[in-house]
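All remarks here apply to the structure that follows.
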Amino acid sequence: MPVPIPRQRVIPAVENGHDGGAAPRTDRPTGSPTDTTRDTAPRGTTGPQTEPATTTEQTTTDATGAPRTTGGPDGTDRTGATSGPAAPTAAEAAEALARIAAGSAAHPGSGPASTALTLLVIEDDPAGSLNIPSLLDSAELTVRVRTARNLTEAERLLTDDVHCILLDLALPAPGPRPAEAEDGTEDELAVLRHVLRLAPRHAVLALTGAENSARGPEAVRVGAQDFLYRDELDGRLLSRAVRYAVERKRADHAQRQLTESRLRAQENARLERGLLPTPLLEGAPLRFAARYRPGRSRALLGGDFYDTVRTADGTVHAMIGDVCGHGPDEAALGVELRIAWRALTFAGLCGDQLLSTLQKVLENERSDDEIFATLCTVDISPDGRSAGLCLAGHPSPLIARQGHLAELLPYDDNGPALGLLPQARWPRRQVELGRSWSLMLYTDGLIEGRIGAGNQRLGQDGMVSLVRGLLGQGLRGDALLEAAMTEVRALNGGELTDDVAVLLLDRMVPTTR
């Protein structure tokens, strides 16, 4: 079945109280929407279609107020007189109505063309009593109008360039049976509800009669942007209502996006609280600093996680980990592993026993058998001079001792990542820290950034050199981490593609004389 050709017309603006039958003004620049330039398409067509279209008629009034019908197949009035100035071209209407959308009062034709505002009129008016007047504002601009006689035709004409819908509430309700309200009465706004479902992103104006005055406010309550009375319709009122409805719809959409953004932010904040907890270091002579940056664009969270706690015996436990992947599932798994690590640590587990239990948690909670996680744990003795180190496929921490260059802790006893080998073991290595030191734990996102335009990576050696330079500048704590993250991004030539988490513990003991 061929697709019906849409009825479309561009209604010219009224000039100085006269309609389109008045003589064209000679002082208007050529190409403006009220010039006499005609579309190249013949009457009764809507563009390049070659098949004939049904002739449509539009009732207007002349300068004396007498009605006349235009749009005959020969381009003449039914009175036999030739019609007035032709409607502007689609490009000219687009240029003019872009200024309506932007709220500009500039003269049409001055500036680049943009997308036009298009009004889709849905009404069944076989008697021709409904006259859509010229859409006029202070700048004498025009609006492109499409007309659909029923909802089926309206659905075909509802293209992306339609910005506003003028719906006659007197249309019959869709479907084989009239919709009914909860009390069993007929739903008088069933057609409006149908259009709102059909066009959720479009502004809708409800058209009703003065005898049904209660129907207009009810239509706004249901979801229309505004309502108009059929008997009070005029050009200025309709033009203003169209622009108001479009802008209100945009404002409503922006407000809804803001609300959804706030809700997502609240949800992300709760998840972030799980990934990035407050360290429990009360009573420990250590300073704590951390930085976190997800690799996904616009994301707040990734698969990296860390934690630091102090147990009752005075031991400070620190951990940092990385779940493979970057999505919300990986972030949720990281939260579970971090919470499990904290609970197991407070229960007294350490080293291989703790990591073996965490692997069981990972195996039961992961969504795919190929998902794994790397982990680094450090338990610092109560005197702060030594620590136990366990590595599960994770990069070795960096230590900067007082009076020595920054270097990596030993990593030759590194065990496999969690989730790779069912019967794996993770030896705990004892390391000496010294009197005053800075210990930096990090995920591989920090060292996998590129250097310049090539494929060379920063690597652990490059990261060590970078930190040495920053320490030589006297940077410590938060300032050190912020400078390191900034310089790594600069070397990469932009944001890093992988998640990055960095944790820094400082023990600074004043030198006694």
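With every protein chain present, what accessible area does LEU491 have (1.4 Å probe, heavy atoms only), rounded to the nearest 10 Å²?
LEU491 has an accessible surface of roughly 60 Å² with all protein chains in place.
Would you pull out the residues with amide H under 5 Å of VAL500's amide H, same chain only if 5 or more places away, H placed 1.01 Å from N?
Distant-sequence amide H within range of VAL500: ARG293, GLY295.
Residue by residue through segment 311-322, which ³J(HN,Hα) values in whole Hz follow from phi under the Karplus form 6.51 cos²θ - 1.76 cosθ + 1.60 (θ = phi - 60°), with glycine and proline marked x?
8, 5, 7, x, 6, 9, 10, 10, 8, 9, x, 8
Say R0 is 51 Å: what FRET efficiency, to the nearest 0.05, do ILE339 and ARG197 get from their beta-carbon distance?
Computed FRET efficiency for ILE339 and ARG197 comes out at 0.75.
Could you please state how large a percent of the accessible area of segment 456-513 is carbon and sulfur, counting protein chains only and using a 1.4 Å probe?
Summing carbon and sulfur atoms, their accessible area is 49 percent of the total for segment 456-513.
The values are calculated or read from the model by the stated rules, or taken from the named source; none is laboratory data. Owing to the predicted nature of the structure, the values given are computational and were not obtained by experimental measurement. All Cβ positions, even for glycine, are placed from backbone atoms using ideal geometry, and neighbour counts span all protein chains on display. Side chains included, ligands, DNA and RNA excluded: accessible areas come from the protein's heavy atoms. Shrake-Rupley method; radii C 1.70, N 1.55, O 1.52, S 1.80 Å.
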